[in-house]
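The values are calculated or read from the model by the stated rules, or taken from the named source; none is laboratory data. What you see is a predicted model; the values in this text were computed from it and never measured. Ideal geometry is used to build each Cβ from the backbone, glycine not excepted, and the neighbour counts take in all protein chains shown.
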Amino acid sequence: MLKVFNTATLKKEEFKPIVPGKITMYVCGPTVYNYIHVGNARSSIAFDTIRRYLLYRGYDVNFVSNFTDVDDKIINRAQEEGVSENAIASKYIKAFYEDTKPLNIIPATTRTRATEVIPDIIEFVSDLIDKGYAYESQGGVYFRVRKAGNYGLLAHENLEDLEVGASGRLDDGALALKEDPLDFALWKNEPRQVIKWDSPWGQGRPGWHIECSVMSTKYLGYTIDIHGGGIDLAFPHHTDEMAQSEAHTGKQFVHYWLHNGFVNVNNEKMSKSLGNFTTVHELLSSYDDPMAIRFLMTATHYRRPINYSSSELERARVELDRIRTAYRRLKNADFKIGDDPQIDQLVSKQTAAFVEAMDDDFNVANALAAIFELVRLANSYVDSGDVKDKSAQEILRQIAELIGVFGISGLETKKESLPKKIELLLKKRETARINKNWQQSDQLRDEIFSLGYKVSDSSNGQQVRKI
RNA sequence: GGUGGUAUAGCCAAGCGGUAAGGCGAUGGUCUGCAAAACCGUUAUCACGGGUUCGAUUCCCGUUACCACCUCCA
């Protein structure tokens with residue numbers, strides 16, 4: 001039985017999809033005014049792993065996400081660079097796909113830009129006005145927060161506390177536009193010569209939260225199973241989404257709210273505003289093992305913070321290497337025809353442990369422990385010198401499938417093209433080894449090492465990897 | 001100030017009423033020409049103070065520290 005932690009109730013709840021066997025899932029996507037950073041990637045990876053596990057459990061998952069391609073930051077960026085907002089957005093949308101592909105993130109079933117649903121947004125907002133949940137004020141449209149039931153539920157705050165914060169931060173101009181400091185914008189009046197659309201309230205552009213409500217209801221229906229995002233989105237973004245969506249449809253918006261924890265740097269949140277971020281773009285260009293990045297992000301429980309540093313990344317790589325090494329060893333072992341029932345039994349025991357762990361709100365730590373048990377089993381099996389093909393294939397298949405749920409692929413490949421010079425030195429060393437010329441063999445190993453490659457010997461000959 | 005979260009070995013991190021999974025590191029051993037890999041072993045009383053209980057890391061109360069949200073942020 002799958003249980004998930006719901007931010008709305010702060011409890012683990014049994015997961016029951018609206019339609020048996022099918023899951024509707026919406027995850028808030030990035031505002032595309034810059035490259036995504038490691039923290040953004042963590043969120044994508046966390047929900048990708050959740051999605052993969054649901055797929056592994058046999059569910060059909062309809063996964064929708066968005067690109068926010070109209071907002072203040074994009075407009076500012078466009079003005080700074082003297083190009084259109086669309087040029088900025090398109091550039092970083094392209095970069096998003098380039099950056100997430102090496103991290104093995106499955107593209108969303110549907111991924112739409114905010115600017116592609118403007119008519120739907122206008123219709124949605126008009127309906128809120130008709131229903132009395134919103135009002136126009138000088139070309140802008142605002143949502144009446146006090147009219148919504150259980151507003152603040154996700155943030156676990158009451159209206160009075162929220163109001164203290166709201167009235168304190170708003171300037172007089174903004175306050176004058178609103179009936180109540182708590183109200184938020186559904187549609188913004190836009191007098192400047194920047195990206196904007198005609199609307200019943202004059203020229204303007206959508207507020208921040210409306211696009212997600214529109215896309216979620218448009219592509220997935222009035223009520224969806226899972227809505228995800230970073231925990232910082234719980235308030236105000238998801239709170240506002242929930243209020244406007246439920247006001248519009250009269251139905252519960254989301255059954256399970258899932259939020260991921262942050263990536264920290266020196267125990268502080270990595271964020272664009274703090275400036276302490278590393279973009280995935282630059283990380284990928286300076287680090288040659290994207291699967292290790294994925295492993296670091298995915299092997300930590302999604303709600304826990306990750307303290308990001310190069311040493312943490314290195315540790316993740318070493319851990320992942322243990323799995324890869326075992327996988328390759330077993331794959332390259334000498335098989336005998338046959339089957340070892342006791343091995344098969346141990347494999348299914350660990351598979352069951354994996355499922356049990358993941359069913360408990362995606363407990364990846366315990367799930368990973370099951371994978372490491374399989375790794376030890378694989379290694380011991382090879383050491384026994386009596387490997388039966390059927391059992392070996394079963395171990396390999398399970399390791400690949402389970403680590404695949406974490407989005408780690410290519411366990412056996414990791415083959416890189418070697419420079420000619422290295423190839424030559426390896427050949428020379430092989431000859432030396434056949435002649436048991438250990439001195440020359442060691443010398444060549446040192447030489448290869450000094451050129452940036454580490455060579456080690458196994459029963460299958462020399463193994464090389466780039467340092 | 002309000003709200004939510006976290007505090008477990010050198011590090012990462014499970015467990016959450018019956019004397020602590022897993023990984024990294026360290027260390028001893030086996031194997032190997034050496035090294036690597038692998039395998040076997042060693043490596044913690046769970047922030048602090050009370051309370052409940054036959055028994056608490058696990059429940060309750062309090063304290064302390066750190067993080068986050070309350071403004072854009074995954």
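Structural remarks
- Under the condition of being of a type outside the set (Phe, Trp, Tyr), free of Cβ contacts under 8 Å to residues at least 24 places away in the same chain and farther than 30 Å from A:Ala400 by Cα, the residues counted in the range A:426-456 number 18.
- Only listed residue being at negative phi and within 11 Å of RNA strand B (Cβ to nearest atom), chosen from A:Asn6, A:Asn34: A:Asn34
- Within the range A:215-272, the residues that satisfy the criterion of being of a type in the set (Asp, Glu) and more than 14 Å from RNA strand B (Cβ to nearest atom) are A:Asp225, A:Glu246.
- Members of the range A:298-323 that are out of contact with any strand residue (DSSP E or B) (no Cβ under 7 Å at 6 or more places or on another chain) and more than 19 Å from A:Glu412 (Cα to Cα): A:Thr298, A:Ala299, A:His301, A:Arg304, A:Ser309, A:Ser310, A:Ser311, A:Glu312, A:Leu313, A:Glu314, A:Arg315
- Checklist (1) of a type in the set (Val, Ile, Thr); (2) within 24 Å of the chain's Cα centre (by Cα); (3) surrounded by fewer than 19 Cβ atoms within 10 Å (Cβ to Cβ) applied to A:Val83, failing item: (2)
- Residue pairs meeting the criteria (Cβ under 6 Å; at least 6 apart or on separate chains; first more than 20 Å from A:Ser271 (Cα to Cα), in the range A:295-321; second near RNA strand B (Cβ under 7 Å from one of its atoms) and not in a loop (DSSP other than H, G, I, E, B)): A:Ala299/A:Leu368
- Residue check for A:Ala352: within 9 Å of RNA strand B (Cβ to nearest atom) and not assigned by TED's automatic domain parsing to the domain that holds A:Glu14: no
- Only one entry of A:Val387, A:Val364 meets the criterion of being surrounded by 18 or more Cβ atoms within 10 Å (Cβ to Cβ) and either over 30 Å from A:Lys3 (Cα atoms) or among the acidic types (Asp, Glu) (or both), and that entry is A:Val387.
- Close contacts from the range A:160-180, counting a first residue that is assigned by TED's automatic domain parsing to the domain that holds A:Pro236 and at pLDDT below 75 and a second that is among the hydrophobic types (A, V, I, L, M, F, W, C) and more than 9 Å from RNA strand B (Cβ to nearest atom), with Cβ to Cβ under 8 Å and a gap of 6+ residues or different chains, come to A:Ser167/A:Leu175.
- You will find that of A:Val125, A:Val141, the residue that is assigned to a strand (DSSP E or B), hydrophobic (A, V, I, L, M, F, W, C) and in contact with a strand residue (DSSP E or B) (Cβ under 8 Å, 6 or more places away or on another chain) is A:Val141 and no other.
- Cβ-Cβ distances below 7 Å connect the following pairs, each with a first residue in the range A:380-407 that is within 23 Å of A:Phe295 (Cβ to Cβ), a second residue that is acidic (Asp, Glu), and a separation of six or more residues or different chains: A:Gly407/A:Asp48.
- Looking across the range A:155-175, not a single residue is over 19 Å from A:His237 (Cα atoms), touching a Pro at 6+ places or on another chain (Cβ under 7 Å) and assigned to a loop (DSSP other than H, G, I, E, B).
- A:Ile74 fulfils the conditions (1) assigned to a helix (DSSP H, G or I); (2) more than 11 Å from RNA strand B (Cβ to nearest atom); (3) crowded, with 21+ Cβ neighbours inside 10 Å; (4) over 19 Å from the mean Cα position of the chain (by Cα) except for a single criterion, (2).
- The single condition among (1) surrounded by 12 or more Cβ atoms within 10 Å (Cβ to Cβ); (2) more than 10 Å from RNA strand B (Cβ to nearest atom) that A:Ala432 does not satisfy is (2).
- Residue that is more than 27 Å from A:Ile50 (Cα to Cα), more than 8 Å from RNA strand B (Cβ to nearest atom) and acidic (Asp, Glu), where the choices are A:Asp383, A:Asp334: A:Asp334
- Contact map, the range A:125-136: residues that are touching a residue at least 24 places away in the same chain (Cβ under 8 Å) paired with residues that are hydroxyl-bearing (Ser, Thr, Tyr), Cβ distance under 9 Å, separation 6+ or inter-chain. Pairs shown: A:Val125/A:Ser199; A:Ser126/A:Ser199; A:Asp127/A:Tyr133; A:Ala134/A:Ser126; A:Ala134/A:Tyr142; A:Tyr135/A:Tyr142; A:Glu136/A:Tyr142.
- Residue check, A:Ala46 within 14 Å of RNA strand B (Cβ to nearest atom) and either of a type in the set (Val, Ile, Thr) or assigned by TED's automatic domain parsing to the domain that holds A:Val254 (or both): yes
- Residues satisfying the stated conditions in the range A:279-296, i.e. part of a loop (DSSP other than H, G, I, E, B) and among the hydroxyl-bearing types (Ser, Thr, Tyr): A:Tyr287
- Scanning the range A:301-310 for residues that are in a helix (DSSP H, G or I), on the phi < 0 side of the Ramachandran plot, modelled with pLDDT under 95 and surrounded by fewer than 14 Cβ atoms within 10 Å (Cβ to Cβ) turns up at least one hit.
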